[in-house]
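Have a look at the structure below, then the notes.
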Amino acid sequence: MKNTISTIKEQKKNGEKISMLTAYDYSTAKLMDEAGINTILVGDSLGMTMLGYEDTISVTMEDMISHTAAVARGAKNAFVIADMPFMSYQTSVYDAVVNAGRLMKEGRANAVKLEGGVSVCPQIKAITEASIPVVAHLGMTPQSVNVFGGFRVQGRDEAAALKLISDALEIEKAGACMAVLECVPCRLAKYISEILTIPTIGIGAGNGCDGQVLVYQDMLGMYSDFTPKFVKKFADVGTVMKEAFAEYISEIQSGAFPDDEHSFKNNDTTDYAELAEKLNG
Ligand code: KIV
């Protein structure tokens, strides 16, 4: 069954947890879809996991469109959310609507996600009014890494907690259809999840949220540059891949690969040297 914004909101109402993972390509999205994931986020974390940047700042609209389109082709049932990259919505409400529209038209996303609270409410309202569902991202917002001075837990003191609560209420009022809460103390995330009618998706925000998201390379042990405390490794695919690559290299070197099973054979008995003689005359 196709997951839609209505089925996801229904999950919150029924107390059924919502599953979300990031994906950036067709094959991975197809595997997640077949496993029954509710939603796939084409996160701008692709800047780190796919493109090797140290943060998300350099990710472009073109990067996001091409990866979103690949994921959308692989996701038959999952609800696909595309991240709006740094400076694609902060500059103006007009830019925000135009770029959100590109992610829908060219990327075939089902919704867009942007970072921030009260300060981006005019953008959330305008994009929503253009019939594009918007997911808000609160707490540790990676595009603000240069303001935070690093990737840190947010909402720890009372003033910060109050700001987060106020941001959550405002983005809901502006029309956001979901909220990602990143690196937020669990009791605060649980409280926000209870006061909002829209679903909350936690990452490093405890199990009081309505759903959870992880970066897929983190949960599969495929990305070793940096592993946040909240990441649980569900499989060690990185090690399996490295072992398979090493075996491939060794079989090429020994001549064991390709064997007869993986080669094409002719049934005729043509003498190719004799055949090639024809080239000379
Ligand atoms: O870009 C991303 O992958 C994200 C998740 C970490 C929520 O925004």
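Cβ crowding within 10 Å, taken as a proxy for footprinting-reagent exposure, orders LEU220, LEU138 from fewest neighbours to most as LEU220, LEU138. Remark: relative contact order (region 1-147) = 21 percent; criterion is Cα-Cα distance under 8 angstrom and separation of 6 or more residues.
Mind running the shape call on region 123-221? Use the C-alpha gyration tensor, a ≥ b ≥ c as the square roots of the eigenvalues: rounded below 1.5 for a/c, prolate if a/b tops b/c, oblate otherwise. Judged from the Cα gyration tensor, region 123-221 comes out rounded (a/c under 1.5). Residue separation of GLU62 and ILE252 scaled by 0.36 nm, minus their Cα-Cα distance, works out to 64.7 nm of gained length. Given the options SER250, SER144, SER88, state which has the largest fluctuation in a GNM of the chain using a 10 Å cut-off (strictly under) for Cα springs. Between SER250, SER144, SER88, it is SER250 that shows the largest mean-square fluctuation. For the chain, the 222 nm mean residue ellipticity estimated from helices alone, with every DSSP H stretch of n ≥ 4 adding -39500 (n - 2.57) and the total spread over all residues, rounds to -12500 deg cm²/dmol. Here the Gaussian network model covers the chain, with springs between Cα atoms less than 10 Å apart; of THR49, THR270, THR197, THR270 fluctuates the most.
Between region 1-23 and region 37-63, the alpha-carbon centres lie 22 Å apart.
Once the Cα-Cα distance is subtracted from the 0.36 nm per residue extended length, the LYS105 to SER27 segment shows a gain of 25.9 nm. Compute the separation of the alpha-carbon centres of region 92-117 and region 229-258 and state it in Å as a whole number. Cα centroid to Cα centroid, the span is 38 Å. Computed from the C-beta positions of THR197 and SER144, the FRET efficiency with R₀ = 35 Å rounds to 0.85. For LYS17, list the lysines whose Cα falls under 29 Å from its own Cα; do not include residues on the same chain fewer than 8 positions away. Cα-Cα hits under 29 Å: LYS2, LYS9, LYS30, LYS76, LYS113, LYS125, LYS163, LYS173, LYS190, LYS229, LYS232, LYS233.
Of the trypsin sites (Lys or Arg not before Pro) found in region 56-117, those in coil by DSSP whose Cβ has at most 12 other Cβ atoms within 10 Å are LYS76. Taking the Cα centre of the chain as reference, the dipole from Cβ charges on Lys and Arg (+1) and Asp and Glu (-1) amounts to some 1520 debye.
Rounded to the nearest Hz, the phi-derived 3J(HN,Hα) couplings of region 95-109 under the Karplus curve 6.51 cos²θ - 1.76 cosθ + 1.60 (θ = phi - 60°) are 4, 4, 5, 4, 6, 4, x, 5, 5, 7, 6, 8, x, 6, 6, where x marks glycine and proline.
Is the shape of region 5-236 rounded, prolate or oblate, going by the alpha carbon gyration tensor and its root eigenvalues a ≥ b ≥ c, with a/c under 1.5 for rounded and a/b larger than b/c for prolate? Rounded shape, in that the Cα axes give a/c under 1.5.
Any read-out appearing in this document is the output of simple, stated calculations on the displayed coordinates, not a laboratory observation. These numbers were taken from a predicted model, which means no experiment stands behind them. Glycine also receives a Cβ, built like all others from the backbone with ideal geometry; neighbour counts cover every protein chain displayed.
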